[in-house]
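Read the figures in this text as sums done on the coordinates, not as results from a lab. This is a predicted model, so every value here is computed, not measured. Cβ sites come from the backbone with ideal geometry, for glycine too, and all protein chains shown count toward neighbours.
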Amino acid sequence: MELFAWTFIYLCFGFFAWKTFSFIHAYVKQYRKVLKLPQKKSHWLFGHLKEVKNSKDYMNYAFDLTKTGSKVYCLWTGPLPVVGVTHPETFKQLIGQEHRKARGHNEPYTLIQEWIGEGLLVSGDRKWERSRKLLTPAFHFNILTGYIDVMNTVSDTFQDKVLGRMSESRSVDIYPLACRATLDAMMKCSLSFDGCMQSKENDEYVEAVQRISTLIFNRMLFPFIPVWLYYLTPEGREWRRLIGVLQTFTRNIIDARKLACVMKEHPLEVGQSDRKRRLDFLDILLTATDEHGRGLDREEIQSEVDTFTFEGHDTTGSALAWSIYALGQNPKIQAKVYEDVTAVLGDKNHVDATDLHDFKYLPKYIKEVMRYYSPVPLIARKSAKTLVIDGYEVPPGTRVDINIYATHHNPAIWDTPEMFDPERFDADNKDGNDVFGFIPFSAGNRNCIGQVFALNEIKICLAKFVKRFEVFPDPEHKPDLMPDVITRSTTGLKVILKERS
């Protein structure tokens, strides 16, 4: 019996040693190729984690390598590599080989999925194709046009809230007000929400979104920490609490809407209208069916509502806030925006559908804001096969970041990228950059389905805002740009405002 026991122990030990050796051998063989990629010197165990502690450090790391002329870079999060691309050529090479979002242990879209479920942002392959097809009617031109009056009303409320803050202090932090305004527009347009999301009591949802974006990036930097261990930490407990806040918020709205008689008995369908309200996103979610007659189940509806409530307000809120901030930083450019707006609107205070196409300088200004500040700083892909990017082999399972922020500031693509200049988007005076050099809404078949909705909202809010207020910089304020999941400032975005006569 004793001999049998020792034999069993030796066999177990041998098996464990063989598995360990096989793992190490495969790891070394696989990642020896990654060492050929442009990168800074790293620690054999901690990688670059000693110098890259947050999203700002990560972006600075990418910038340092981009300035050397590299189109691709490698950063080590402990013993695991992350590859990044910062040039249109490498971006096209990547999406030509891989379209799947980065999903895996502590990968960005897996973390976001804990919050928004497997909606359009996260889902892949056939599920994504089915969802995209079902949801495309929600962004038809006729439906988007029906939202313009709502966006005007939300913008008026936004200005009133700003005016109230102006009476309280010499400068106004425009960021939280902009985020609440875009959330208000999203809720009213997509869910026919009857309340006002710009009231103070709704701060909990907005603050939870902003905080969880930082936690997502923090977790991405430490992919080797087990989920169960993370949940035991103070940050992990905060994560779970925030997930509860966010999902409860949208769940309550969906449940309230389903209880409403008009939705319970007669949901609107594409092409229909109602005297009391317009066709909205939730109508389409509740009535859309595929070629087999199957619609979305309760979990899928929840996921899509969570996805669009987040994506539809936080990215747009960031773009709107930075747009207002940039007006104060560039007075001559602000004068041109004001001139364009007044030339189109005249004495009107309402922006019509035709006005959106008549603006000339305003769209160029918004594009430059989205290039310079990049509301979505990066997106990620992961492949189950070996990728070849700029001549380098990237092993299967390696996360590849499409670094939008670094691409938008790459001197190999943009002339004087650190200068804020809307004229670079002029048809007669553009930089000559590749279409994949400007990707605020991503590119390829997985580009943002709601980009027209977002641009309409920004144009309306910004046009009405600049017509009413003149923006000045706050000399005592300096923003601390933090490119987390969404680009924001940890110190807010303070501006001094003056009502135009």
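Would you work out which of Thr490, Phe453, Ala463 lies farthest towards the positive end of the dipole of the stretch 450-501, given +1 charges on the beta-carbon of Lys and Arg and -1 on that of Asp and Glu, about the Cα centre?
Looking along the dipole axis, the top candidate is Ala463.
Taking a cut-off of 18 Å, what percent of all Cα-Cα pairs in the stretch 135-233 are separated by more than that?
Result for the distance tail: 61 percent.
Assuming R0 = 51 Å, can you tell me the calculated FRET efficiency for the pair Val452 and Thr491, based on Cβ-Cβ distance, to the nearest 0.05?
Here the calculated transfer efficiency is 0.95.
Over all alpha-carbon pairs in the stretch 397-467, figure out the percentage whose distance exceeds 14 Å.
So the pairs more than 14 Å apart make up 71 percent of the total in the stretch 397-467.
Identify, among Pro440, Val28, Gly293, the residue whose Cα sits farthest towards the positive end of the charge dipole of the chain, taking +1 on the Cβ of Lys and Arg and -1 on the Cβ of Asp and Glu, with the dipole about the Cα centre.
Val28
Given bins 20 angstrom wide, list per bin the percent of all Cα-Cα distances in the stretch 45-499, short to long.
24, 59, 17, 0
What do the square roots of 5 times the Cα gyration tensor eigenvalues come to for the stretch 309-433, in whole Å, largest first, as semi-axes of the equivalent ellipsoid?
35, 18, 13
Quick check on the chain: helices-only [θ] at 222 nm, where DSSP H runs of length 4 and up contribute -39,500 (n - 2.57) each and the sum goes over total residues. Nearest 500, please.
Working: 19 runs with 262 residues, N = 501.
Calculated at 222 nm, the ellipticity per residue is -17000 deg cm²/dmol.
Calculate the FRET efficiency for Cys196 and Arg237 from the Cβ-Cβ distance with a Förster distance of 35 Å, rounded to the nearest 0.05.
It comes out at approximately 0.65.
Dipole magnitude of the chain about its Cα centre, charges +1 at Lys/Arg Cβ and -1 at Asp/Glu Cβ only, in debye to the nearest 20?
1180
What angle, in degrees between 0 and 90 and rounded to the nearest 10, separates the Cα long axis of helix 203-220 from the longest principal axis of the Cα atoms of the chain?
Between helix and principal axis, roughly 30 degrees.
On a 0 to 90 degree scale, rounded to 10, what angle separates helix 148-166 from the longest Cα axis of the chain?
90
Once the other residues with Cβ under 10 Å from the Cβ of Pro223 are scored (Lys, Arg +1; Asp, Glu -1), what is the net sum?
+1
Tell me the label-point distance for the pair Leu11, Glu339, using the 7 Å Cα-to-Cβ offset, in nm and rounded to one decimal.
8.7
Taking 8 Å as the Cα distance limit and 6 or more residues as the minimum spacing, I'd like the relative contact order of the chain as a percentage. Mind showing how you got there, number by number?
On the way: 710 pairs, mean separation 118.2, N = 501.
Worked out over the chain, it gives 24 percent.
Between Phe46 and Lys367, 0.36 nm times their residue separation minus their Cα-Cα distance comes to what?
111.7 nm
Expected output is a single nm value to one decimal: the length gained when fully extending between Lys53 and Lys332, i.e. 0.36 nm times separation in residues minus the C-alpha distance. What is it?
96.7 nm
Taking Cα atoms, how many degrees apart are the long axis of helix 331-345 and the longest axis of the chain, rounded to 10 and kept between 0 and 90?
Roughly 60 degrees, rounded to the nearest 10.
Give me the aspartates and glutamates in straight-line cross-link reach of Lys41: C-alpha distance below 17 Å, same-chain residues under 8 apart excluded.
Filter leaves Glu51, Asp57, Asp64.
Give me the compactness ratio for the stretch 352-501, meaning the Cα radius of gyration over 2.2 N^0.38 Å.
1.23
Full extension from Asp390 to Thr136: what is 0.36 nm times the residue separation minus their Cα-Cα distance, to one decimal in nm? Write down the numbers at each step before the final one.
Numbers: separation 254, 0.36 × 254 = 91.44 nm, distance 3.43 nm.
Using 0.36 nm per residue and subtracting the Cα-Cα distance, I get 88.0 nm.
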